[in-house]
1. Could you check, for the stretch 10-20, whether at least one of its residues is exposed (fewer than 15 other Cβ atoms within 10 Å of the Cβ), among the hydrophobic types (A, V, I, L, M, F, W, C) and over 21 Å from residue 67 (Cα atoms)?
2. For the stretch 50-141, which strands (runs of 3 or more DSSP E) that fit wholly inside it have 2 or more residues that are within 18 Å of residue 8 (Cβ to Cβ) and modelled with pLDDT of 75 or more?
3. Tell me whether the stretch 28-49 contains one or more residues that are part of a helix (DSSP H, G or I), in contact with a helix residue (DSSP H, G or I) (Cβ under 7 Å, 6 or more places away or on another chain) and either within 21 Å of residue 109 (Cβ to Cβ) or modelled with pLDDT under 85 (or both).
4. Do you know which of the residues in the stretch 89-105 that are over 15 Å from the mean Cα position of the chain (by Cα) and not polar (S, T, N, Q) is nearest to residue 46 (Cα to Cα)?
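The values are calculated or read from the model by the stated rules, or taken from the named source; none is laboratory data. Predicted model, so just to flag it, every value in this text is computed and none were measured. So basically every Cβ, Gly included, is an ideal-geometry build from the backbone, and we count neighbours across all protein chains shown.
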Amino acid sequence: MKNLLIIGGSGQLGKIILSTFKTKSPKWNTFNLDFRENNETEKNFIIKENWKLNPEIIPQIQTCFDNSTYDCIVNVAGGWQMEGLKSKNILISTEEMMNMNFYSSILAAHLASQYLKKKSLLVLTGAFMVYKQNNPGINSY
C-alpha cells in the first residue's frame with residue numbers, strides 16, 4: 001500500500017483527488033489534513049484556527065498519522081480574495097490570501113522534507129475564489 005497525505009482533503013478539489021487515489025491501483029492509504037473531516041479517508045487530522053502559532057502542530061500531525069512516510073503529499077488548501085487595489089481592505093485581503101496559500105504550502109514542504117519517501121511526489125496547488133460584491137468592474141462567477 002502507498003500513502004497519500006493531502007492538505008485540504010475536505011474541499012472540492014481535495015475530495016476529488018482523494019477519491020481518485022482510492023480507486024487507482026495500487027491501492028492508497030489516504031490521510032487528510034484540514035479544518036474539516038473527510039469521511040472517505042482512513043485518517044483525519046483536524047487543524048485548529050491558530051495552527052500557525054502552535055509549535056507542536058507538526059509532531060501532533062505525525063502522531064495522528066502513526067509517523068507514516070508518504071509516497072505523495074498534495075497541498076490543495078488555499079484561496080483567493082477578489083479585492084480591488086483601490087479597496088481600503090486590500091492589505092487585509094492580501095493577509096488572508098497569504099494565510100490560506102503560503103502557510104499551507106510551507107507546511108506541506110516541511111512535511112515532505114521530513115516524511116516523503118525517495119522518488120516520491122510533492123504537489124503544491126489550489127485556489128478558492130471569493131467574490132466581493134463591492135468590487136465594481138469584476139464579474140461574478
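1. Yes: the stretch 10-20 contains one or more residues that are exposed (fewer than 15 other Cβ atoms within 10 Å of the Cβ), among the hydrophobic types (A, V, I, L, M, F, W, C) and over 21 Å from residue 67 (Cα atoms).
2. So the answer is 70-75, 116-124.
3. No: zero hits.
4. Across the stretch 89-105, the extreme among qualifying residues is 95.
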